[in-house]
């Protein structure tokens, strides 16, 4: 199934949280649109992501049984939102789907998706410590990369690296 067929099917079954599809496009100077390269993706309401992913996993026409990747991005210093990026795969049906959710930086909170895809446990722990996203209901929110007393979120664009950490130079 190609992206358009997956999107059409999800609309037809009324998948919860589906906001829109974003397709690559050429720049349009008349409308001051810089265009967008890359893969098409679906924009999903982060509060409905669990229900949406459950449909994607359990629908016999989709069968997205694998969470391949879950990460976050901070597109710009002056942007007020973080992007959550997920990629799911159907090994059985040979198709994949890219998904994005947008969260406000000031209140980056969303439900965990660990109940739908167990692999999300590690991905969400990394997103939490690197971007400051709180995954409500996560079964093990400990850090995996940084010490427990590290301050700030290193992958945010507005992060300022410390001069030193416990007497060790960070420069």
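The values are calculated or read from the model by the stated rules, or taken from the named source; none is laboratory data. On a predicted model such as this, the values are computed, not experimentally measured, just so you know. Neighbour counts run over all protein chains shown; Cβ positions are idealised from the backbone, glycine included.
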Which residue out of 82, 49 is surrounded by 14 or more Cβ atoms within 10 Å (Cβ to Cβ), within 25 Å of residue 156 (Cβ to Cβ) and out of contact with any helix residue (DSSP H, G or I) (no Cβ under 9 Å at 6 or more places or on another chain)?
-> 49
What number of residues within the stretch 2-32 satisfy the criterion of being in a helix (DSSP H, G or I) and at pLDDT 90 or above?
-> 10
Does residue 103 satisfy the criteria of being under 16 Å from the mean Cα position of the chain (by Cα) and under 19 Å from residue 153 (Cα atoms)?
-> yes
Can you give me the number of residues within the stretch 52-72 that are crowded, with 17+ Cβ neighbours inside 10 Å and under 20 Å from residue 134 (Cβ atoms)?
-> 5
Within the stretch 89-100, is even one residue touching a helix residue (DSSP H, G or I) at 6+ places or on another chain (Cβ under 8 Å) and more than 17 Å from residue 119 (Cβ to Cβ)?
-> yes
Before we move on, is residue 109 within 30 Å of residue 10 (Cβ to Cβ), at pLDDT 90 or above and buried (at least 19 other Cβ atoms within 10 Å of the Cβ)?
-> no
Go through the stretch 100-125 and give me each residue that's part of a strand (DSSP E or B) and closer than 13 Å to residue 73 by Cβ.
-> 100, 101, 102, 103
Going by the conditions given, is residue 89 within 21 Å of residue 8 (Cα to Cα) and either outside any strand (DSSP E or B) or under 15 Å from the mean Cα position of the chain (by Cα) (or both)?
-> yes
Of all residues in the stretch 1-22, how many are free of Cβ contacts under 8 Å to residues at least 24 places away in the same chain and in contact with a helix residue (DSSP H, G or I) (Cβ under 8 Å, 6 or more places away or on another chain)?
-> 1
Scope the stretch 33-72; condition in a strand (DSSP E or B) and free of Cβ contacts under 8 Å to residues at least 24 places away in the same chain; matching residues | 33, 36
Please go through the stretch 126-166 and pick out each residue that is outside any loop (DSSP other than H, G, I, E, B) and either without any contact (Cβ under 8 Å) to a residue 40 or more places away in the chain or in contact with a helix residue (DSSP H, G or I) (Cβ under 6 Å, 6 or more places away or on another chain) (or both).
-> 128, 129, 134, 135, 136, 164, 165
Any hit, the stretch 8-18, residues being closer than 22 Å to residue 108 by Cα and surrounded by fewer than 19 Cβ atoms within 10 Å (Cβ to Cβ) = yes
